[in-house]
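Peer 1: Shown below is the structure under consideration.
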Amino acid sequence: DLLVVGSANADLVIGVDRRPDAGETVLGSDLATHPGGKGANQAFAAARLGARTALLARVGDDAHGRLLLDSQRTAGVDTVGVLVGGAPTGVALITVDPSGDNSIVVSPGANARLTPEDVKAAGSLFHASLVVSAQLEIPLETVEEVVRTLPPATRFVLNPSPPRPLPPEVLAACDPLIVNEHEAKVLLGDASGDGTPEDWARRLLAKGPRSVVVTLGAEGALVASATEGAVRVPSVKVAAVDTTGAGDSFTAALAWKLGAGLSLAEAAAYAARVGAVAVTRRGAQESFPTAAEVEALSEV
Ligand code: ADP
C-alpha cells in the first residue's frame, strides 16, 4: 500500500576521542555497522508499524547491500524493487566524539545510480500503492520521474532531505511536503531564522504543494493546507536519548496513515507518537516501534 522510493546506506560508525587533523591518524572504537539511508529507514519504519510496504532503491552487489536487503526483509518490506549492482552500496562514514557530535562523509554509491529508467521499469509497484514517499538522497531527475509515474489516485509525500531547490512539478505533487526547520529555511532561501513555523508553512504552500508539514522536534509539528489552514500537532513528552531517525519514522507513519484514510492532522498526531517512541531509543532502524509500542506510549 506504501511505496518508498529512496536511498539505502550502510552507516559505519566509530567512536573517537577527537577527530583527526589532515595527515593524522587517530585510534577509535570497534566499528559498528548499521543499515540506514532515508529510504531504507522509512520503509523499515512503516513495515515495523504493520504497513504493507515496498522499497524501490539500489544497492551494490556487496556485503552492505546484503545487510540492507536482510534488514528490510526482517521488517517485512517487499524488496522486489531493490535493484542490485552498478556501484558499491552507499555508505555513511560516521565518527562520533565524546560530546556526541558527528562528522559524516557520505558516498552515495548505488543511490546515485537509481535512474528514471529504474522508476519507469517499476510501474507495477506504483500501481499497487496508495501512497508513494520519497526523499532527496537519490538523483533529483529520479524523483521527477516518480512524480510523472504517479497513478492519478496515488498520493505523493516528499521529505526534501538533504534540501535543495525543487522544480515546480515536484512541489505541486507533494501532499504533503514534510520539512524540519532547517529544510524549511533552505527551501525558502531564508537563513535568517526569522518568522514562525506558521509563516514558513504559509510561504511553502505558496510554492505549490497541496499541503505542508513542518516538524518541530520536541515541539511536535505543524500541518497546513490551503483548504484547512494551519494546525499545531503537539508532541508527546518523553525522555529523549537519540533523535536519529525521528524524522524518517514520522514521515513513514504519516504516509501510512494517510493511505489508511486519516486526515492530515490525525495522521500527524499518530506520526508524532511514533517519532516520540523513536527518540527514546538509540539508533535509527533499531529505535522504530511496532504499532503496539506506539499504543503503549505514555507521557513522562
Ligand atoms: P528531523 O529528525 O527530520 O530533524 P524532528 O527532529 O522535527 O525531525 O523530529 C520529527 C518528529 O519526531 C517531530 O515532529 C516529533 O513528533 C518527534 N520528535 C522529535 N524529537 C522529539 C522529542 N525530543 N520529544 C518528542 N518527540 C520528538
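Peer 1: When you go through (1) in a helix (DSSP H, G or I); (2) touching a Pro at 6+ places or on another chain (Cβ under 9 Å); (3) among the charged types (D, E, K, R) one by one for ARG66, which number turns out not to apply?
Peer 2: Exception for ARG66: condition (2).
Peer 1: If you go through segment 266-283, how many residues are away from the ligand (no atom under 13 Å from the Cβ) and either modelled with pLDDT of 95 or more or in contact with a Phe, Trp or Tyr (Cβ under 8 Å, 6 or more places away or on another chain) (or both)?
Peer 2: 1
Peer 1: Moving to a separate point now. Looking at segment 197-223 only, could you name the residues that are in a loop (DSSP other than H, G, I, E, B) and either touching a residue at least 12 places away in the same chain (Cβ under 8 Å) or crowded, with 21+ Cβ neighbours inside 10 Å (or both)?
Peer 2: Answer for segment 197-223, where residues must be in a loop (DSSP other than H, G, I, E, B) and either touching a residue at least 12 places away in the same chain (Cβ under 8 Å) or crowded, with 21+ Cβ neighbours inside 10 Å (or both): LYS207, GLY208, PRO209, ARG210, LEU216, GLY220.
Peer 1: Let me ask you something else. Over 23 Å from LYS257 (Cβ atoms), at pLDDT 95 or above and within 16 Å of the ligand (Cβ to nearest atom), is that true of PRO168?
Peer 2: Taking the combined requirement at face value, the residue does not satisfy it.
Peer 1: Sticking with this one: Can you report the number of residues in segment 216-235 which are of a type outside the set (Ser, Thr, Tyr) and near the ligand (Cβ under 8 Å from one of its atoms)?
Peer 2: Going through segment 216-235 one residue at a time, the tally reaches 7.
Peer 1: In this structure, is ASP248 within 12 Å of the ligand (Cβ to nearest atom) and in contact (Cβ under 8 Å) with a residue 24 or more places away in the chain?
Peer 2: Yes.
Peer 1: Here's a follow-up. Could you check how many residues of segment 27-47 are over 23 Å from LEU136 (Cβ atoms) and charged (D, E, K, R)?
Peer 2: Total satisfying the criteria: 1.
Peer 1: For segment 103-141, which positions are free of Cβ contacts under 8 Å to residues at least 24 places away in the same chain and part of a loop (DSSP other than H, G, I, E, B)?
Peer 2: Matches in segment 103-141: ALA121 only.
The values are calculated or read from the model by the stated rules, or taken from the named source; none is laboratory data. These figures come from a predicted structure and were not determined experimentally. Here the Cβ is made from the backbone with ideal geometry for all residues, glycine too, and neighbour counts use every protein chain on show.
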